[in-house]
Each structure stands twice: as C-alpha cells, then as structure tokens.
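Every number in this text was worked out from the coordinates using simple rules, so none of it is lab data. These figures come from a predicted structure and were not determined experimentally. Positions of Cβ are generated from backbone atoms using ideal geometry, with glycine treated the same way; all protein chains shown enter the neighbour counts.
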Amino acid sequence: MAQKKIPARQCIGCLTSRPKKELVRVVRAPSGEISIDPVGKKPGRGAYLCPDAACLAKAKKKKALERCFEQPVPAEVYDALAQQLAGVEAEKEADRDGKEA
C-alpha cells in the first residue's frame with residue numbers, strides 16, 4: 001500500500017519546510033482583514049509560521065508578512081500571534097511532560 005503524502009509548507013520566518021500541521025497559518029481574507037487561522041480552512045491568502053517566538057521575530061524583522069499579503073500588517077496581529085505562539089509552546093511542553101511520565 002502506498003504511503004499517504006504529508007503536505008509540507010515553508011515557514012516565512014526561518015524558511016524551513018515542515019509538515020503543514022506543525023505550522024500556524026495567518027490568513028488575509030478577501031476583505032483585507034488579517035487574522036490567525038487555527039483550523040487552516042479560512043478563505044484567503046495564507047502564510048505559515050513555526051510555533052516559535054524566534055520565527056515570529058525574524059518574520060517581523062524581514063517584513064515577511066507584509067510581503068506575503070502585499071499590505072501593511074497591524075501591530076495587533078503580531079501581538080495576537082505572539083500570544084498564540086506562547087500558548088502553543090506551553091501545550092507542547094505539557095505534552096512532552098505527559099509522555100515522559
């Protein structure tokens with residue numbers, strides 16, 4: 001039986017390819033609104049980031065989100081991303097602690 005292909009995407013911060021489920025999707029809706037897409041199904045232009053604060057800092061410094069979406073990205077979006085990434089990192093640590101026990 002053939003193995004199912006795992007979709008991969010590139011992080012706009014560190015430029016590494018990873019499985020799509022490991023990344024956080026940021027989407028620009030057709031109306032121009034920029035938001036975080038936790039499910040990965042919202043319509044619009046998407047960009048992917050590693051769930052790592054360092055990748056978000058790199059993307060912000062390089063203005064990678066602005067280039068992907070071809071419009072300015074408000075500071076609130078970066079703040080929301082930072083909060084969500086902190087939550088994702090805490091979940092991963094809890095998962096690791098649960099598996100080790």
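When only Cα pairs below 8 angstrom with a gap of at least 6 residues are kept, the range 1-86 shows a relative contact order of 26 percent. Since only ILE36, PRO51, ALA64 are under comparison, the one whose Cα sits farthest along the positive direction of the charge dipole of the chain, derived from C-beta charges on Lys, Arg, Asp and Glu, is ALA64.
Counting Lys and Arg as +1 and Asp and Glu as -1, each charge on the Cβ, what is the dipole of the chain about the Cα centre in debye, to the nearest 20?
On the way: 20 positive and 14 negative charges, 137 e Å.
Computed charge dipole of the chain: roughly 660 debye.
Residues whose amide H lies under 5 Å from that of ALA8, counting only those 5 or more places away or on a different chain, are LYS20; hydrogens are built 1.01 Å from N in the peptide plane. In order along the range 17-33, the Karplus-derived 3J(HN,Hα) couplings, from 6.51 cos²θ - 1.76 cosθ + 1.60 at θ = phi - 60°, round to 8, 9, x, 4, 5, 7, 9, 9, 9, 10, 10, 9, 5, x, 6, x, 6 Hz, and Gly and Pro are given as x. For ARG45, the residues whose modelled amide H falls within less than 5 Å of its own, excluding neighbours fewer than 5 places apart on the same chain, are ARG28. Relative to the longest principal axis of the Cα atoms of the chain, helix 53-62 runs at roughly 30 degrees.
Between 0 and 90 degrees, the angle of helix 75-100 with respect to the longest Cα principal axis of the chain falls at about 0 degrees.
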